[in-house]
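The values are calculated or read from the model by the stated rules, or taken from the named source; none is laboratory data. Predicted model only: the values in this text are computed from it and were never measured. Because the Cβ atoms are built from the backbone with ideal geometry, glycine has one as well, and the counts that use them run over all protein chains shown. Quick note on the areas: whole protein, heavy atoms, side chains included, nothing else; ligands and nucleic acids left out. Shrake-Rupley method; radii C 1.70, N 1.55, O 1.52, S 1.80 Å.
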Amino acid sequence: MNVLVLGAGLMGRAIGFDLAVFSSFKKITIVDKDKTILEKAEKFLKNKKIDFDILDVTKLDDVKTFFQKYDVVISAIPYYFNYELSKFAIEEKTHFIDLGGNNSIVEKQRSLHDEAKKNKVLVLPDCGLAPGMTSVIARDIVDFLDIVDYIKIRVGGLPLDPVPPFNYQIVFSPNGLINEYVEDALVLDHGRVVAKKSMTEIETVEFPYPFGKMEAFLTSGGCSSMPYTFQNKVGYLDYKTIRYPGHCQMFKPLLDIGLASEEPININRKQIKPRDVFIKLLWENLPVNGKDVVLMKVFSSGVKEGDKIGLEYSMIDYFDEENNITAMMRTTGYPVSIIAQMIEKGLIKEHGVFCCEEIVPCKSFFEELEKRSIHIHRRISYS
């Protein structure tokens, strides 16, 4: 089988690295429309058996030509391309998986289920960290417990050496970050799927030294399809993003005054989108290259064989100094690569449009993460 990776940015490079090290794909190709970014990826992945090529996904004839040559396509480009790319993949009978993270796009992708099934194609959105890895953890909880009272997912990508005032560094697209902060968060609340304002309901989550007490607040995208998948199986489910204390208080007012808006405003007779200015300022003023860490905790409670059970899944993943791969690249890029390899090996055989919590085998997935030194610890408590 051959695999195509769309996008040669940080996540595309991480995916390419993992495919080159662990997979049995006959041909691995990474494409991007930006020649400079492609050259950086090629330099980063030197000595790896990977091909590199130019492709602009807005040129549909070129996309069609590329898709015809590959069995699996992995999208590591902005989420808003994924619906149209999914349609192309189904038409060309190519499996398609992506990093997702946007509820409305995933909903549109799911409308393609019957067509994908007819063409014997698998479309699998949201295969990164959260959703993705955390979706598989949620499935593991549902499979383990007889009754699930709640699942509370807490995840954050952070600098190891935080710099005020935001104590944050750019670990993925600032546009994606803004979407997480401004779009509504979906919460499953005892059978009802409820939309809540992001950057609200701040709580404290504690980690071992040197992190200590961190803050977490509701953000969009992390739950993805899970409130619907588990609507009749889980009492309460939500997702919150972890940050250093004070981040929300500093960042939210900038959004409240409209800096995330995509509605143009007139400045000196020029139409300017506030979001474009904000993204430019974030790129220019936030750290980018510092060492990072990804923190995760998933809390759950329920009943198993008549006993009241508490579950806690935890992970702390650090920057890989040997390979110069960030923790966010590892924990986002490696899961989607693992899932592509599961398709290659026949561990995932379904056709249609599914999300991770529906079809990714938990045990095999966790074993593959362990091979990459991504350790998820599960603690069980009885009450």
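Observations, loosely collected:
- Straight Cα distances below 15 angstrom link LYS196 to the aspartates and glutamates GLU180, GLU183, ASP184, ASP238, with same-chain residues fewer than 8 positions distant left out.
- Pairs beyond 18 Å (Cα-Cα), from LYS40/LYS87; LYS117/LYS363; LYS93/LYS349; LYS233/LYS349: LYS40/LYS87; LYS117/LYS363; LYS233/LYS349
- Using the rule -39500 (n - 2.57) for each DSSP H run of four or more residues, divided by the residues of the chain, the 222 nm mean residue ellipticity is -10000 deg cm²/dmol.
- Taken per residue, the accessible surface of the range 31-118 reaches 57 Å², heavy atoms only and a 1.4 Å probe.
- Check: the chain dipole with +1 on Lys, Arg Cβ and -1 on Asp, Glu Cβ, in debye: 400 debye
- Distance (nanometres) between label positions extended 7 Å along Cα→Cβ at GLU84 and GLU350: 2.8 nm
- Gap separating the Cα centres of the range 266-302 and the range 192-232, nearest whole Å: 18 Å
- For the range 258-301: accessible area per residue (Å², 1.4 Å): 62 Å²
- Most mobile listed residue (PRO159, PRO125, PRO361) in the chain, GNM with C-alpha springs under 10 Å: PRO361
- FRET efficiency, LYS118 to LYS363 (Cβ-Cβ, R0 25 Å, nearest 0.05): 0.25
- Rounded to the nearest 5, the antiparallel percentage of DSSP beta bridges internal to the chain is 65%.
- Carbon and sulfur %, accessible surface of the chain computed with the full protein complex present, 1.4 Å: 49 percent
- Binned Cα-Cα distance frequencies in the range 7-146 - 10 Å width, integer %: 11, 38, 36, 12, 2, 0
- With distances taken between every two different alpha-carbon atoms, the range 74-231 has a Kirkwood hydrodynamic radius of 17.2 Å.
- Within straight-line reach of LYS270, meaning a Cα separation under 27 Å, sit the following lysines at least 8 residues removed in sequence or on another chain: LYS252, LYS280.
- Area accessible to solvent at THR200, 1.4 Å probe radius, in Å²: 40 Å²
- If the segment from GLN231 to LYS40 were pulled out straight at 0.36 nm per residue, it would be longer than the present Cα-Cα gap by 64.4 nm.
- Computed lengthening from ALA195 to GLU321, 0.36 nm per intervening residue step minus Cα-Cα distance: 41.4 nm
- Volume in Å³ per residue [convex hull over Cα atoms, computed for the chain]: 145 Å³
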